[in-house]
């Protein structure tokens, strides 16, 4: 039995079997997941990462307008390239999503989770030869807290009250209210530690990452060479890394199948069948936190009525959505924005299923008369218009009439989303449950796109945020999930996978729910066999 | 000018006299002046067109995170709250001094960016022209020589088939066979600053071939038609009767008289090589003007869109003007007006 698994493990190491398939086979052979995971990692390590070579990625998500200033990172390529040349204080573990120490060696919190001390790692050098110190960390964090820097991490930094140096190797962070998630928040990809905080030259591209920037041609290509003397084992296997901006999907697929690049991102589920036929390519899909939603404003007619909301939730055929809109590359949702990709997720909440009878019952009880107007556009997510039609059909089985209004993609986010009472939309997810709920479900949040407001929920949110006891915290989050699921204005039919395609020459591709391309770490975690 | 004596006596020093004694120069200057007026009109059209387009930079840039305050901030920062005319003349004044403003998205100078991108586009267009123009004219002559025979038909059918396929499809076919199946060509065709000349040429092989296939048929058929037209005239018959060999007749006697329409169609196609490459550049991931324009359009980066539009318009107008002027120079009746 273990021999077979070892063989499989070797295949994983060579990139011929995905981690997920391995775990599936292990489960079939009656092996518990944690044991299988440790077995896998030991086999993979035994096969060893191969050093050397020139790793090339062809990616969507970059334009000539991009900059190397981490504060401005907004699309996939700056995000991924940032991982190549820079490092943050913490990272999230691909296994369970917990925070992992990187430039911060360790941390400790006061009992109320208001005051945190981070111990900064010693002996780490920037690419310009200078040693990284607590001063650089303080300056970086202060820069991202400043309104003028227009940092993408400003939302995260807003809750921080004070940042100061504490001794030679410590940074003290104080918050205005307790937050047990601070170490997660500091893994934000904008918060790359730069010499002097990047105040002088924000776009210099100098960090502590495993590679030094050698080419920066925004919208065309980026390249980086190994930074000799990088402190960390286990990352940065290739000699050099190159990212080509290939925004056209067909061109990306051709570049991969012709062997010109080793990895591509954002494969369309519609064409995945064609790509699978190529003998040199494997598909790496990872369940992430992103989700596609139908949102109802709970403060506007007709959605003031809880029964109407429930009727529509029961009338959603989730399996069909995953099958037809995502072609199976996703998982069903349960009307709250959290899935197993989050820490402290409760997997015992009953799955809501398509139930025309229940939908009929609630619809009748709501007393609603006539059609319900749903606005949609493919700007909301790829296939949103088709998803609306599928929903219309499943609703009609429950005797609910849906009227679909197609809106122009231009201005969808300003004229429809967060404005009209019922529309399709998407969320990219957030690193923690607290952030996801704070950004879109708390009373008065700017992006509370269901206009749902429950004081009891807000209180739970604050209590869970400051709770350092994991078990208690999980219990609080379970309660909140149930409130959103049964009362909120959210219909969440599906979580979409990140789909990357990788050449069989690549080993060590790690599935990471944190973001696409192994949470941006693919070029430094994987190696060329 | 041999015929200058027949024109009215020139009054010395006056511009009118200068032009009437140099009618050709007058004609050319007139064309250049008209071209300039046309460009000015296009700049106004571009500005207004972009103004009335739906969608807005602030909205596109901020996406889901567009709050009314954030949008107002960005609009103010970019000076979009100023009246239309003021913005237009401000922009036009800059353009006349070679300054296309700064990109809204990354605050970089548009002129500088366009400099690099235009260089790449012209490089591709130049090599496509170097291959396609002699090829088209040569094939046209061969087709005339073997007119209505097998070779003529073959050339016709192949070039027509090439032009009938949309260029993105031609591009994908070339990628499929040469890059994916046989692995003998380089893809993607990204070129960059520190690339050697040879590598550059190798990189552009596929997009160049695509462009050649697209423009070939048009030029070839025009060459063939123009020369055939001349071939039926009496002096060609005389040349034939003199016993000159067929290719010599076509090249030396027929072609020069057919040159005007050929120049016209060549110029049009050259213009197409520069301004029509948007799709080809995107498919082959070639960092030229086309891709720059597409990037800018997706995020509504208007200074870049305007600048690209104007550069494309200028290329088109200049090449057409050149065709006109060369057409005049090639025609003795226009060269020596009565």
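What follows draws every value from the coordinates through simple rules; no lab data is involved. For clarity, every value in this text was computed on a predicted model and none was experimentally measured. In this analysis, Cβ positions are derived from the backbone assuming ideal geometry, glycine residues included, and neighbour counts consider all displayed protein chains.
Okay, here's what the table says:
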item: Reciprocal of mean inverse Cα separation for the stretch A:256-311 (Kirkwood radius, Å); result: 15.3 Å
item: Contact order relative to length of chain B, as percent, for alpha carbon pairs under 8 angstrom and 6 or more apart; result: 25 percent
item: For the protein assembly as shown, calculated [θ]222 nm from helices alone, where every DSSP H run of n ≥ 4 adds -39500 (n - 2.57); result: -14500 deg cm²/dmol
item: Ranked A:450, A:280, criterion: other C-beta atoms within 10 Å, fewest first; result: A:280, A:450
item: Pairs of alpha carbons in the stretch A:296-349 whose separation is greater than 13 Å (percent); result: 69 percent
item: Residue B:158-residue B:197 FRET efficiency (beta carbon distance; Förster radius 25 Å; 0.05 resolution); result: 0.20
item: Translational D in µm²/s for the stretch A:341-434 (Stokes-Einstein at 20 °C, 1.002 mPa s, Kirkwood Rh from C-alpha pairs); result: 139 µm²/s
item: Average other protein chain Cβ within 10 Å of Cβ, residues A:248-260; result: 6
item: Other protein chain Cβ atoms within 10 Å, averaged over every residue that makes up B:271-283; result: 1
item: Order of A:246, B:186 - criterion: other Cβ atoms within 10 Å of each residue's Cβ, fewest first; result: B:186, A:246
item: The stretch B:206-267 and the stretch A:371-390: distance between their alpha carbon centers, rounded to Å; result: 57 Å
item: The stretch B:125-171 - Kirkwood radius from inverse mean 1/r over Cα pairs (Å); result: 11.7 Å
item: Proportion of all alpha-carbon pairs of the stretch A:174-248 beyond 18 Å (%); result: 58 percent
item: Computed log₁₀ I(q)/I(0) - Debye formula, equal Cα scatterers, no solvent, the stretch B:178-235, q 0.12, 0.19, 0.21 Å⁻¹; result: -0.50, -0.75, -0.83
item: In Å, descending, principal axis extents of the Cα set of the protein assembly as shown; result: 105, 63, 63
item: Computed label-point distance, nm, for sites residue B:240 and residue B:335 using a 7 Å Cα→Cβ extension; result: 2.7 nm
item: Spherically averaged projected area of the stretch B:82-217 from its Cα convex hull (nm²); result: 12.9 nm²
item: Once the Cα gyration tensor of chain B is diagonalised, semi-axes √(5λ) in Å; result: 43, 32, 15
item: Mean Cβ count within 10 Å, highest first, over the residues of peptides B:69-80, A:474-485; result: A:474-485, B:69-80
item: Shielding score for A:329-337, defined as the mean number of other chain Cβ atoms within 10 Å; result: 0
item: Label-point separation in nm, residue A:283 to residue B:135, each point 7 Å along Cα→Cβ; result: 3.8 nm
item: Cα pair distances of the stretch B:197-338 binned at 10 Å [whole percent]; result: 10, 27, 28, 19, 11, 4, 1
item: Whole-Å distance, taken between Cα centres, linking the stretch A:425-444 and the stretch A:153-192; result: 19 Å
